[in-house]
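Student: Quick one: this structure, given as structure tokens, is what I'll be asking you about.
The values are calculated or read from the model by the stated rules, or taken from the named source; none is laboratory data. These numbers come from a predicted model, not from an experiment. Backbone-built Cβ (ideal geometry, glycine too); neighbour counts: all protein chains shown. Protein only, heavy atoms only, side chains kept; ligands, DNA and RNA dropped before computing areas. Shrake-Rupley method; radii C 1.70, N 1.55, O 1.52, S 1.80 Å.
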Amino acid sequence: MDLQALWLTLRLAAVTTVILLAIGIPLAAWIVSTRSPLRPLIESLTTLPLLLPPTVLGFYLLVLLGPRTAFGRLWIHLLGHPLAFSFSGLVFGSAIYSLPFAVQPVVSGFHAVDAALIDQARLLGAGRMRLLREILLPLSTRSILTAALLCFTHTIGEFGVVLMIGGDIPGATRTLSIEIFDQVQDFHYTAANHTALVLLAVSFIALVVLYRRNPRSWSLHA
Amino acid sequence: MPDAAAFHLSASVRHRVAGFSLEAEFSIATAWTILFGPSGAGKSTLLRILAGLISPGEGQIHLNGRSLTDTNRKIAVAPGRRGIGFVTQQAALFPHLTARENIAFGIRHLSAGQRTERIEELLALFGAEPLAARKPAQLSGGERQRIALARALAPRPHFLLLDEPLAALDAASKQTLLAALRSLDVPALYVSHDLAEVWQEDAAVLVLDAGRIHAHGPAREVLAPHRDHLLRLLTTAR
């Protein structure tokens, strides 16, 4: 197995997860607390990557990151190279692609916090930041862990967006899922099997960690 | 503690929500006022408006000469800046914090020494010293309510809203806590739908029914029309 691809995949998943939590938690707090008419629009936009075919998302991101758009030109001006076909570009695309997995569990977690607790915190003088820091976050740790694990595993397994934005550059954009594709194309089924088993194991372990934290709701035993 | 003698609350609010209309205009200056009315009369909604948790459709609320809500002048003081404490039937203690940390939540602005002193004072008042290190899940219903009252009183509110916080307690616990509360001399609006309880209290009563204030005055005067019903209740109770 290509250890370089494994390291790149893990690094991509970790960086994407950190970025998504940094964006997703405040965004989720805004979604559950705002009265803005823009809320349905923003919620729809954050959920859209869940429904779009990865190639469609990847295509639009490729166009957006290229020299044909002002955004793409700005990045080229800032970094000296296009965002597409680079590790930074992969992070950008992965963050967009996995955004629903960061936002939705946290929104659900925040919604599940008893409104009476929010009322009391407000009555006792807590502003938005203190409410988030001292009430919502500690009472939503399970949802935040879920979001983190989903972002991590989803990024590890993504293929379409990575291929569209990053191509297949060894050491720069070739992740494990791209490597499996290459190995199958070259009829190296044994190698493909080994790589696939690594992805399967990572995803399975992440889910076991997630479900181990779920409380038992009820019991048939005394 | 705030000076109950200088206390004055006036409110004139109109609010519509899901087919229910609340129109209440009243002014209170007595230290202990009971808001009496049947379930669904709008008592909790009125209290939430006074606390600033709901913005009324229109109206004004003044506490001790300070404007807390004025829809015409777009004044809406935040709940935490009104100087109002609010305790409901649901203690709503923060489950991840100990009783001591719950009480400390609203007095972050005090120095560590002042904070500790205030917490000890309130724990002693409600006989809750042994509960200080426990989390809400380790407390009984009555213990939770004691901590909830201590938490609401910690920032020294000018006015206390009590939405049946003692309803689930037995009579003896209820009397003990009521006596502790009334000893503090903090003006309070205490919600009850228990006619017998209100009759026995030496307090001013506001009668709210179907979203309207129907009467305001001493308990025996205001509840006179309900006397026959009350007698039936007391007889049945005996």
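Student: Please calculate how many Å² of accessible area the stretch A:1-106 carries per residue, with a 1.4 Å probe and no DNA, RNA or ligand atoms counted.
Tutor: Here the residues of the stretch A:1-106 average 53 Å² of exposed surface.
Student: Could I ask something else about it? Quote the Stokes-Einstein diffusion coefficient, in whole µm² s⁻¹, for chain B, based on the Kirkwood radius over alpha carbon pairs, a temperature of 25 °C and a viscosity of 0.890 mPa s.
Tutor: This corresponds to a translational diffusion coefficient of 132 µm²/s.
Student: Also: Would you compute, from DSSP H runs of 4+ residues alone, the mean residue ellipticity of chain A at 222 nm, taking -39500 (n - 2.57) per run and dividing by the full residue count, rounded to the nearest 500?
Tutor: About -23500 deg cm²/dmol.
Student: If you take the accessible area of A alone plus B alone and subtract the pair, what total do you get in square angstrom, rounded to 100, with a 1.4 Å probe?
Tutor: For A against B, buried area totals roughly 1700 Å².
Student: Which values, in whole Å and largest first, are the semi-axes of the equivalent ellipsoid of the stretch B:56-140 obtained as the square root of 5 times each eigenvalue of the Cα gyration tensor?
Tutor: For the stretch B:56-140, the ellipsoid semi-axes come out as 32, 16, 11 Å.
Student: For the stretch B:3-111, would you read off the P(r) tail past 23 Å as a percentage of all alpha carbon pairs? Working shown, then result.
Tutor: Values: 2188 of 5886 pairs.
Cα-Cα pairs of the stretch B:3-111 separated by over 23 Å account for 37 percent.
Student: At a 1.4 Å probe radius, carbon and sulfur cover how many percent of the accessible area of the protein assembly as shown?
Tutor: 60
Student: What net charge do the residues around A:Arg174 carry, taking every other residue with its C-beta under 9 Å from that of A:Arg174, with Lys and Arg at +1 and Asp and Glu at -1?
Tutor: Result for the local shell: -4.
Student: Just need the Rg to Rh number for the stretch A:7-50, please, alpha carbons only, Kirkwood Rh.
Tutor: Result: Rg/Rh = 1.12.
Student: Return an integer: the convex hull volume of the alpha-carbon atoms of the stretch B:94-156, in Å³ per residue.
Tutor: Given the Cα convex hull of the stretch B:94-156, per-residue volume reads 71 Å³.
Student: Next up: Name the residue, out of A:Ile180, A:Ile76, A:Ile144, whose mean-square fluctuation peaks in a Gaussian network model built on chain A with Cα pairs under 10 Å.
Tutor: For chain A, modelled as a Gaussian network with Cα springs under 10 Å, the answer is A:Ile76.
Student: If you don't mind, there's one more thing I want to ask. Rg/Rh for chain A: what does it come to with C-alpha atoms and Rh from Kirkwood?
Tutor: Result for chain A is an Rg/Rh of 1.04.
Student: Please state the charge dipole magnitude for the stretch B:94-156, taken about the Cα centre, from unit charges on C-beta atoms (+1 on K and R, -1 on D and E), reported in debye and rounded to the nearest 20.
Tutor: About 200 debye.
Student: So what's the back-of-envelope 222 nm ellipticity for chain B, counting only DSSP H runs of four-plus at -39500 (n - 2.57) apiece and dividing by all residues, rounded to 500? Kindly include the intermediate steps, with their values, before the conclusion.
Tutor: Working: 8 runs with 76 residues, N = 238.
Dividing the helical sum by the residues of chain B leaves -9000 deg cm²/dmol.
Student: If you don't mind, another one. Cross-link candidates for B:Lys174: which lysines have Cα within less than 26 Å, leaving aside residues fewer than 8 places away along the same chain?
Tutor: The qualifying lysines are B:Lys43, B:Lys135.
Student: For the protein assembly as shown, give the share of DSSP beta bridges that are antiparallel, in percent and rounded to the nearest 5; count only bridges with both residues there.
Tutor: Of those bridges, close to 60 percent are antiparallel.
Student: Non-local amide H neighbours of B:Val205 (under 5 Å, H modeled in plane, Pro and chain starts lacking H): which ones?
Tutor: B:Ile34, B:Gly217, B:Ala219
Student: Considering chain B as a Gaussian network with a 10 Å cut-off on Cα pairs, which listed residue, B:Lys43, B:Lys174, B:Lys74, attains the greatest mean-square fluctuation?
Tutor: Among B:Lys43, B:Lys174, B:Lys74, the largest mean-square fluctuation in the Gaussian network model of chain B belongs to B:Lys74.
Student: For the protein assembly as shown, divide the Cα radius of gyration by the Kirkwood radius and give the resulting Rg/Rh value with two decimals. Mind showing how you got there, number by number?
Tutor: Details: Rg = 29.6 Å, Rh = 26.3 Å.
Value, to two decimals: 1.13.
Student: While we're on this one: Between B:Glu121 and A:Asp186, take the C-beta separation as r, use R0 = 56 Å, and let me know the FRET efficiency to the nearest 0.05.
Tutor: For R0 = 56 Å, the calculated efficiency reads 0.15.
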